[in-house]
Amino acid sequence: MKREGPIALLMISGVLYIVSVMLASPVMEPVAATLDDWYKIVVGFINLVGIISLTQVNGRAVLRKSSGWFYNALLIVVLYGYIILGLVGGVGNVAFTRIYDNILTPILMTIFSTLTFWIGSAAYRAFRAKNLDAAILLVAGIVVMIGRVTLGSAISPAIPKAAEWILNFPTVAGMRAIEMGAAIGGIVLALRMITGLERSFMSND
Amino acid sequence: MSNDIWVWIGAILTLGTYSVLYKDNPVYRVLEALFVAILAGHSVVINWFNFQKPTIVNRLGEGKELIVVIPLLLAALMYFRYSRKFAWLARYPMAFLMGIGAAYVLTKNLKPMFLTQARATMLPLWVPGDFGATINNWVVVLGVASVLTYFFFTVKKTGPVHGFSRIGRIYLMIAFGALFADTVLGRVSVTLVRFQFLLNDWLGLGI
């Protein structure tokens, strides 16, 4: 029951879903809709597992008085304070939305923007034209970067056109092939899971 | 300078977050803790009002849809992962999610991710009277075919196949260069918005 039960459930739920979608008959269609519904309900509860893990990790650091435990304690206090505020006052609660809009959003936007500075140093390493591949990467990157700001059209009207062409044709071709390859990989993995060959999700327990 | 307390708070938070560019410091670590806590807390509240409450209170309580008990019990098994003795019970909800996820990939993802992409690549290699379109179609068809060859690892690539896969590698370099540049520009735009907030909304310099 410890290994066979979950694999049987995986196979039955997967095959039932496929059959109900493929047949698309009035009898089977509600089955797919019900399974979809159940999926959403189960996924909704995963969230709480993350909160329990977050509490465990930070709580342990506080109890052991590890270095920087104050930050862990702060995290727990704010986490549960904010959850209580939201659950008691509702999503439309002024304090709840104020904290989200005026505290979380500026931090989130700024963290996102700090990546500009890190990405600059990454660009320096990636764009060093040490070989043909790196040189092509460099040229494509520079043309797109210059072509998509006003500087590009100020230098020559051909640069924005070249940038558009690179994005619309060679880039689309490369990304399309990657997506197709990922789709094939996804299908193979899904088949392995439904046939019970892929069991790595049980290895951690 | 702004008189709005929330603009001041936003400015302090922005400068505090930027302080990590110099080095890790206590202000940044406080903001980091706030960020994680508020984001996680927000997800719990939104999840409750969007998923758990409509299911438990509305459907099971008022609607008396008893069938909802099945996924709820399945979801509850997830919390056995914290018990050493019964941790294996947590495999059941995971197995259910994986089964539906795999079936979803097989039934719904195949068309948009593979068939539509393959069909979009079936372009005419000769467009009468439009040399530019002909070249562009060749670029796309050659690119997709060569990149797929580059990712073909079943047999060792030698001779013309190796040469063709090399073209695929060049396509990938162009694509990665262009996408990297696009990402850089996106980040720079966000940085400019933060600087505009600091200079205009907070300091009122009207730049």
Segment B:143-170, subset within 29 Å of the chain's Cα centre (by Cα) and in a loop (DSSP other than H, G, I, E, B), residue modelled with the highest pLDDT: B:Phe151
Consider A:Ser53 carefully, then state whether it is within 25 Å of the chain's Cα centre (by Cα), surrounded by fewer than 17 Cβ atoms within 10 Å (Cβ to Cβ) and either among the acidic types (Asp, Glu) or assigned to a helix (DSSP H, G or I) (or both). yes
Name the residue that is farthest from the chain's Cα centre (by Cα), counting only residues in segment B:107-127 that are in a helix (DSSP H, G or I) and β-branched (Val, Ile, Thr). B:Thr121
What tally of residues in segment A:28-58 results from selecting those that are aromatic (Phe, Trp, Tyr) and more than 7 Å from chain B (Cβ to nearest Cβ)? 0
Note on B:Ile167: of the conditions (1) in contact with a helix residue (DSSP H, G or I) (Cβ under 7 Å, 6 or more places away or on another chain); (2) surrounded by fewer than 19 Cβ atoms within 10 Å (Cβ to Cβ); (3) over 25 Å from A:Arg128 (Cβ atoms), unmet is (3)
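Going residue by residue through segment B:150-161, is there one that turns out to be at the interface with chain A (Cβ under 7 Å from one of its Cβ atoms) and either under 24 Å from A:Pro160 (Cβ atoms) or touching a Leu at 6+ places or on another chain (Cβ under 8 Å) (or both)? I'd like the intermediate steps shown before the answer.
Within segment B:150-161, the subset at the interface with chain A (Cβ under 7 Å from one of its Cβ atoms) is B:151.
Now narrow it down to the ones that are either under 24 Å from A:Pro160 (Cβ atoms) or touching a Leu at 6+ places or on another chain (Cβ under 8 Å) (or both): none.
Checking segment B:150-161: not a single residue is at the interface with chain A (Cβ under 7 Å from one of its Cβ atoms) and either under 24 Å from A:Pro160 (Cβ atoms) or touching a Leu at 6+ places or on another chain (Cβ under 8 Å) (or both).
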Filter segment A:82-91 down to the residues that are in a helix (DSSP H, G or I) and more than 7 Å from chain B (Cβ to nearest Cβ) and list them by number. A:Ile84, A:Leu85, A:Val88, A:Gly89
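Is it true that B:Leu185 is outside the structural domain of B:Thr14 (by TED's automatic domain parsing), among the hydrophobic types (A, V, I, L, M, F, W, C) and within 25 Å of the chain's Cα centre (by Cα)?
Numbers: outside the structural domain of B:Thr14 (by TED's automatic domain parsing): yes; among the hydrophobic types (A, V, I, L, M, F, W, C): yes; within 25 Å of the chain's Cα centre (by Cα): yes.
Taking the combined requirement at face value, the residue satisfies it.
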Determine whether B:Asp182 is of a type in the set (D, E, K, R) and closer than 17 Å to A:Ala162 by Cβ. yes
Kindly provide the set of residues from segment B:66-115 that are more than 8 Å from chain A (Cβ to nearest Cβ) and within 17 Å of A:Glu4 (Cα to Cα), ordered by number. B:Leu77, B:Phe86, B:Leu89
Taking segment A:59-72 and keeping residues assigned to a helix (DSSP H, G or I) and either touching a residue at least 60 places away in the same chain (Cβ under 8 Å) or within 9 Å of chain B (Cβ to nearest Cβ) (or both) leaves A:Phe70, A:Tyr71, A:Asn72
Hey, A:Gly44 in a helix (DSSP H, G or I) and modelled with pLDDT under 95 or not: yes
Could we say that A:Val27 is aliphatic (A, V, I, L, M) and modelled with pLDDT under 90 here? yes
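The values are calculated or read from the model by the stated rules, or taken from the named source; none is laboratory data. Treat the numbers as computed from the prediction; the structure is a model and nothing was measured. All Cβ positions, even for glycine, are placed from backbone atoms using ideal geometry, and neighbour counts span all protein chains on display.
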